[in-house]
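Here's the structure, in structure tokens; my notes come after.
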Amino acid sequence: MFHGRAHGVAKTAGGPYHSWVTVYPLHCFIAMQPFQQEFIQYAIDCGVLRFGQFTLKSGRQSPYFFNTGLFDSGARLGKLGRFYAQGLLHAGLHYSVLYGPAYKGIPLVCATAIALADISGREVPFAFNRKEAKDHGEGGSLVGAPLQGEVVILDDVITAGTSVRESVDIIRQAGAEPSAVLIALDRQEKGQGDRSAVAEVEATFGMPVKSLITLADIIGFLRQRQSLAAELAGMEKYREQYGV
């Protein structure tokens, strides 16, 4: 099953649906798709997903660290784009344009659009923003296809939701409608309150946030590998303390 919650009204391949929330106990694991298991292994192989002791920006001591910036070669970025394309196809979202917020979202949206064309044969327009508006040539703060219809935002993770908020404003100002967000990892941990950053975004903007993998997926992956028992213990303790 693919991961995400939705609040408000949004559309999937099955048509409109109304507000719903997916809630499951901490001990419950949702069966992963093959591409999700492959993504976790690839993230570990590339050093994107690491285990140890890391101090997060929040000050929390985390037993793992996830940095998509280490998908830092042509081959790695190309494969990452294929994982995102598979995630989009599996989620069954409706969209007219893909949007990547600067800066990490720029190579991500390019690679995903290329992979979608290769995997599905569908030619999907994409766009991204400049941090500073251009005052010469074509001008403006957007690069790529015009933002129109339903737009899916592609990003790596959601921490405070600032990037999503900025993206929503840009998309709506262009006359389009943000319909969903696709990220690599849902950390499934409490933010300032009892809800996760992902849940806050869903509640605020009334659109689903989908993720390639979740914290529960990583723990489920570790449970299948006896050689990673120590890492599993640290992850389970962290989730018990901060999980939602």
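Every number here is computed from the coordinates shown, using simple stated rules; none is lab data. A quick note: this is a predicted structure, and the numbers were derived from the prediction, not measured. Because the Cβ atoms are built from the backbone with ideal geometry, glycine has one as well, and the counts that use them run over all protein chains shown.
So for the range 91-234: antiparallel DSSP bridges make up what percent, rounded to the nearest 5?
25 percent
If I model a spin label at GLN41 and SER141 as a point 7 Å from the Cα along the Cα→Cβ vector, what separation in nanometres do I get?
About 4.3 nm, to one decimal.
Percentage of Cα-Cα pair distances in the range 29-242 greater than 32 Å, rounded to whole percent?
17 percent
Please report, in whole Å³, the volume per residue of the convex hull around the C-alpha atoms of the range 156-201.
Value for the range 156-201: 69 Å³ per residue.
What number does the range 71-196 give for Rg over Rh if you use C-alpha atoms and the Kirkwood radius?
0.97
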